[in-house]
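The block underneath contains the structure these notes are about, expressed in structure tokens.
The values are calculated or read from the model by the stated rules, or taken from the named source; none is laboratory data. Just so it is clear, the structure is predicted and the values come from calculations on it, not from any experiment. Neighbour counts run over all protein chains shown; Cβ positions are idealised from the backbone, glycine included.
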Amino acid sequence: MIARPAGLPRAVPSLYSLALAMLILGPLLGPGHLLLRDAVSTPRSYLTDSALGLTDAAARAVPQDALLAVLSPVLDGGLVVKAILLAALWLAGWGAARMVATLLPTAGLGAQLLASTVTLWNPYVAERLLQGHWSLLTGYAALPWTVLAMYRLRRTGRPWSWRAWSPLAVALAAAALTPTGALLAATLALVLAAVPGGVGARWSRLALTATTAVLASAPWLTATALSGAGAQGSDPAGVAAFAARAEPGLGTLGSLAGLGGIWNSEALPGSRSGLWAPAGTVVVLAIVVCGLPALWLGVPPARGGRRGNPVLVALAVVAATAVVLPALGATGWGLQAGEWAVVHVPGAGLLRDAQKWVALAVPFYALAAAAGVPDLARLCRRVFGDRGGLPPPADRKTSGSAAAAVGIVALLIALPDLAWGVGGALRPVHYPPSWAAVGAELDGQEGDVAVLPGGTFRRFPYTGTAPVLDPAPRMLPLDVPQTGRLVVGSRHDPTFTGGSFIEIGGEGDRAEQVEAVLLGGMDPRHLADLGVGWVLVERDSSGPLDFAEGTLAQLEPVFADEHLSLYRVPGELTPVPDRPAARGAAVAAHLVWAALLAGGALGCVLGRYRRNRADQA
């Protein structure tokens, strides 16, 4: 019988990861809602066609919007989002520790904690939090668990058994809360399934993995097929705008290798905006590089170490590819290739935010950091000598723990402003009561809601200086046509060629028509012909209004205060075509995803219960 570690030491990585996650989120955990750039949480949301991805805009927020719509009548939507985000960060760190404990069984507790820190305390997490990509971080969190699931799947001769398949199912389903997360986890899983070796037939592993990935992605694949939004090309201007970018003192490749390089210069923590960025990158890469010899030369992969373990080699190749390809994509010819792809290849627009794919490097970084603890101890002793406070080399366990502690402290110092809401940027927002009043007016009504000012983003006095995605589509019980048009850059960001900003077209053709009617001051009958029965003016946000007053003067006022004004469009509406079959198919796809998530979780719980019973026997 294999002796298991005592309960408390086994729980330390989980508790440590939870503590780091709470330190990162800090003020956001108080009362209120997350509303920062792309992140929108609302007290209540609704299962509209937009939430199911059935509009002419790309289905970028499924199944997350549908999940919130189902849960928010019972739990406040802001609480749900914060709980998911906290769980994602906690599970990311804990998953890295479990991955190390399984793939590198000789690694001690200190090495596991170092792996958790590398996974949680890095520029990728900071920049994606500042950009508001809370649901992407669920996909990020699933990556170490995906590695763990695939590693175990490779060691069983019955990959199709429920017990073997359940960890993979729950990992891929959790990652698929957003389409990008689904692609991240599916890519990693398919690569590990295709690697030679393991028990059983490779084709069987590949078939199981591909089938599970498709089931996990059912909501957004179905929505894309039904809406047709994925069949049209994207604006090629988005390729340059969303390309990875160099941070101060680093080239694009160096920024990506250090897990930074997001396209938005305003979504950088302060420590990545100056000369501290190169220092932080050196710390991360030094910790990773220390582990490369150990991974290659024989840290045993659970049974009988051999040089070049195929899983570790595959993870190394994935990591290198995830860093190099986005860097190449930011070159002149890389941008040209990307522009061609988004115009001619359906769905290629999903790939244009190139830096997000560097997440695939993190599992290997975590393993390398853990494997390199002995070499890190030697490096610290060489640099600091006896002043470093490290125990003598003969005491390997204590020396390794001390070196891991040094690495952890170095990582924390390298990115100090990740703590407490990324320097306070992540804080809860309190909506004015006007939103609830408007929602009550619209409840049970017909017709879509057009919103002014024009554009997709807002700047409210209660949200701070950063732009925020308009909350109306998620806050209101009726559909809100969305153009998907983005404006990137500003007068303070001249790095984009061609002017002070770039306007990137969206996919919402009908929404463009609605906005043109409003901004052009046209007859409101045009709105009725487009199925719009209401107009909401967000009065405390700047943005284009143009000649909209001419149209508003012909509408019926319903509600007004200092924040919002709601108008009814007079006359008979031309209803938007009802598609019950499409809606039913979209709901069914979401149920498949939910069943995969719940079934996988149940299988993991039952499998753990049976293992515990077997250990006690």
Boolean, Leu206 is assigned to a helix (DSSP H, G or I) and over 19 Å from the mean Cα position of the chain (by Cα): yes
Tally of residues being in contact with a Gly (Cβ under 7 Å, 6 or more places away or on another chain) and farther than 30 Å from Val487 by Cα across region 22-43: 1
In region 391-404, the residues that are modelled with pLDDT under 75, surrounded by 15 or more Cβ atoms within 10 Å (Cβ to Cβ) and over 16 Å from Thr106 (Cβ atoms): Pro391
Candidates Gly407, Gly421 - the one that is outside the structural domain of Glu512 (by TED's automatic domain parsing), under 15 Å from Gly132 (Cβ atoms) and modelled with pLDDT of 95 or more: Gly421
Any hit, region 244-255, residues being at pLDDT 95 or above, in a loop (DSSP other than H, G, I, E, B), at positive phi and of a type outside the set (A, V, I, L, M, F, W, C): no
Options Trp145, Trp134: the member that is surrounded by 24 or more Cβ atoms within 10 Å (Cβ to Cβ) and assigned to a loop (DSSP other than H, G, I, E, B): Trp134
Residue count, region 253-283 (criterion: among the hydroxyl-bearing types (Ser, Thr, Tyr) and surrounded by fewer than 23 Cβ atoms within 10 Å (Cβ to Cβ)): 3
Residue in region 593-615 that is among the polar types (S, T, N, Q) and in contact (Cβ under 8 Å) with a residue 24 or more places away in the chain present: no
Selection within region 30-54 - touching a Lys or Arg at 6+ places or on another chain (Cβ under 7 Å) and of a type in the set (Val, Ile, Thr): Val40, Thr42
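Rundown of residues vs (1) under 15 Å from Pro432 (Cα atoms); (2) surrounded by 16 or more Cβ atoms within 10 Å (Cβ to Cβ); (3) in the same structural domain as Tyr462 (by TED's automatic domain parsing); (4) touching a residue at least 60 places away in the same chain (Cβ under 8 Å), yes/no style:
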| position | (1), (2), (3), (4) |
| --- | --- |
| Val535 | no, yes, yes, yes |
| Ser541 | yes, yes, yes, yes |
| Ala548 | no, yes, yes, yes |
| Glu556 | no, no, yes, no |
| Ala560 | yes, no, yes, no |
Restricting region 32-65 to residues that are within 27 Å of Gly464 (Cβ to Cβ) and aliphatic (A, V, I, L, M), the residue that is modelled with the lowest pLDDT: Ala57
Ala164, sole failed condition from (1) more than 24 Å from Gly53 (Cα to Cα); (2) outside any helix (DSSP H, G or I): (2)
Whichever residue in region 440-470 is among the small types (Gly, Ala, Ser) and in a loop (DSSP other than H, G, I, E, B) and, among such residues, is surrounded by the fewest Cβ atoms within 10 Å (Cβ to Cβ): Gly444
Which numbered condition Leu29 fails, given (1) at pLDDT 95 or above; (2) in contact with a Pro (Cβ under 7 Å, 6 or more places away or on another chain): (2)
Some residue of region 225-242 being under 19 Å from the mean Cα position of the chain (by Cα), not acidic (Asp, Glu) and not in a helix (DSSP H, G or I): yes
Residue check, Ser41 touching a helix residue (DSSP H, G or I) at 6+ places or on another chain (Cβ under 9 Å), touching a residue at least 40 places away in the same chain (Cβ under 8 Å) and of a type in the set (Ser, Thr, Tyr): yes
Residue selected from region 66-96 under the condition part of a helix (DSSP H, G or I) and β-branched (Val, Ile, Thr), by the criterion nearest to Asn122 (Cα to Cα): Ile84
Region 256-272, subset in a helix (DSSP H, G or I) and touching a helix residue (DSSP H, G or I) at 6+ places or on another chain (Cβ under 7 Å), residue nearest to Pro63 (Cα to Cα): Ala267
